[in-house]
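Chemist: Structure below; questions to follow.
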């Protein structure tokens with residue numbers, strides 16, 4: 001464990017806490033993409049299957065349980081909660097996730113470290129995480145002004161993966177045979193999808209006005 | 001194993 005990875009995990013945790021706070025405090029999920037949340041639930045379930053049969057550390061187990069339970073909790077809020085579910089913008093959140101899930105699954109069947117059930121699903125989760133934010137970014141461009149908590153949520157999600165990139169560089173130079181080119185490639189692409197958001201986020205923050213992405 | 005370690009990240 002190094003400081004970059006720990007900071008990345010904490011940033012990821014913060015993004016989920018910000019999201020839950022937003023939903024709890026405002027009793028609204030306006031501007032949030034349910035499809036992105038569902039994709040993240042698929043990512044966590046398909047990646048953390050090893051939760052049941054390989055113990056790495058208590059930290060690892062606890063964080064995995066938090067990520068899985070929080071993603072389902074958010075989906076429950078957006079689908080079932082009698083107040084929050086009313087504020088979900090179904091008409092705008094129309095990204096066809098099949099266009100993300102199917103190619104990622106095909107790719108994980110072709111490019112993986114080992115052709116086994118858990119390994120393919122793990123690889124699928126790595127590819128899917130790279131594109132899971134797209135429905136949210138598309139929704140962002142449709143709903144012009146977004147609230148601060150949502151933009152903070154997306155910023156923290158991007159920051160978590162950027163910190164993980166520092167972690168990969170650090171581990172590459174400090175550990176002998178550490179190589180995870182699938183994770184590195186996918187993670188780099190994932191962080192790249194946030195770049196334009198980062199640009200407009202910092203621009204709006206400096207001009208101290210509400211963030212609005214050009215459609 | 002190397003595989004084991006590779007999966008130690010979240």
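Chemist: Say whether the condition of being within 14 Å of chain B (Cβ to nearest Cβ) and not in a helix (DSSP H, G or I) is met by at least one residue in the stretch A:33-53. Give the derivation first.
Modeler: Applying the first criterion (within 14 Å of chain B (Cβ to nearest Cβ)) to the stretch A:33-53 yields A:40, A:43-53.
Next, from what is left, pick out any that are not in a helix (DSSP H, G or I): A:52-53.
Looking through the stretch A:33-53, at least one residue is within 14 Å of chain B (Cβ to nearest Cβ) and not in a helix (DSSP H, G or I).
Chemist: So, one more: Which of the residues belonging to the stretch A:116-133 are modelled with pLDDT under 95 and outside any helix (DSSP H, G or I)?
Modeler: Within the stretch A:116-133, A:116 is the sole residue that qualifies.
Chemist: Is it true that residue A:8 is in a loop (DSSP other than H, G, I, E, B), surrounded by 16 or more Cβ atoms within 10 Å (Cβ to Cβ) and in contact with a helix residue (DSSP H, G or I) (Cβ under 9 Å, 6 or more places away or on another chain)? If you could, list the steps in order and put the result at the bottom.
Modeler: Values: in a loop (DSSP other than H, G, I, E, B): no; surrounded by 16 or more Cβ atoms within 10 Å (Cβ to Cβ): yes; in contact with a helix residue (DSSP H, G or I) (Cβ under 9 Å, 6 or more places away or on another chain): yes.
Answer is no for this residue.
Chemist: Mind listing whichever residues of the stretch A:166-184 are surrounded by fewer than 17 Cβ atoms within 10 Å (Cβ to Cβ) and in contact with a helix residue (DSSP H, G or I) (Cβ under 9 Å, 6 or more places away or on another chain)?
Modeler: The answer is A:166, A:169, A:170, A:172, A:175, A:177, A:178, A:179, A:184.
Chemist: Filter the stretch A:68-100 down to the residues that are touching a residue at least 60 places away in the same chain (Cβ under 8 Å) and crowded, with 18+ Cβ neighbours inside 10 Å, then identify the one that is farthest from the chain's Cα centre (by Cα). Give the steps one after another, and end with the answer.
Modeler: First, the residues of the stretch A:68-100 that are touching a residue at least 60 places away in the same chain (Cβ under 8 Å): A:84, A:87, A:93, A:95, A:97, A:100.
Of the ones still in play, those that are also crowded, with 18+ Cβ neighbours inside 10 Å are A:84, A:93, A:95, A:97, A:100.
Details: A:84: 21, A:93: 17, A:95: 16, A:97: 14, A:100: 14 Å.
Step by step, filter the stretch A:68-100, then rank; the result is A:84.
Chemist: Can you tell me which residue in the stretch A:189-215 is modelled with the lowest pLDDT, limited to those that are under 30 Å from residue A:121 (Cα atoms) and surrounded by fewer than 14 Cβ atoms within 10 Å (Cβ to Cβ)?
Modeler: The qualifying residue modelled with the lowest pLDDT is A:196.
Chemist: Follow-up. For residues that are surrounded by fewer than 17 Cβ atoms within 10 Å (Cβ to Cβ), assigned to a helix (DSSP H, G or I) and in contact with a helix residue (DSSP H, G or I) (Cβ under 8 Å, 6 or more places away or on another chain), tally how many sit in the stretch A:54-65.
Modeler: From the stretch A:54-65, those surrounded by fewer than 17 Cβ atoms within 10 Å (Cβ to Cβ) are A:54-59, A:61-62, A:65; that's our starting set.
Checking the rest, the ones that are also assigned to a helix (DSSP H, G or I) come to A:58-59, A:61-62, A:65.
Keeping just the survivors that are in contact with a helix residue (DSSP H, G or I) (Cβ under 8 Å, 6 or more places away or on another chain) gives A:61, A:65.
Going through the stretch A:54-65 one residue at a time, the tally reaches 2.
Chemist: (1) part of a loop (DSSP other than H, G, I, E, B); (2) closer than 23 Å to residue A:141 by Cβ: which one isn't true of residue A:99, the others all being true?
Modeler: (1)
Chemist: So, one more: Considering only residues that are more than 10 Å from chain B (Cβ to nearest Cβ) and under 11 Å from residue A:4 (Cβ atoms), which ones fall in the stretch A:160-173? Full working, then the answer.
Modeler: Let us first name the residues in the stretch A:160-173 that are more than 10 Å from chain B (Cβ to nearest Cβ), namely A:161-163, A:165-166, A:169-170, A:172-173.
Selection gives A:162, A:163, A:165, A:166, A:169, A:170.
The values are calculated or read from the model by the stated rules, or taken from the named source; none is laboratory data. Just so it is clear, the model here is predicted, and its values are computed rather than measured. FYI the Cβ positions are ideal-geometry reconstructions off the backbone, even for glycines, and counts take in every protein chain you see.
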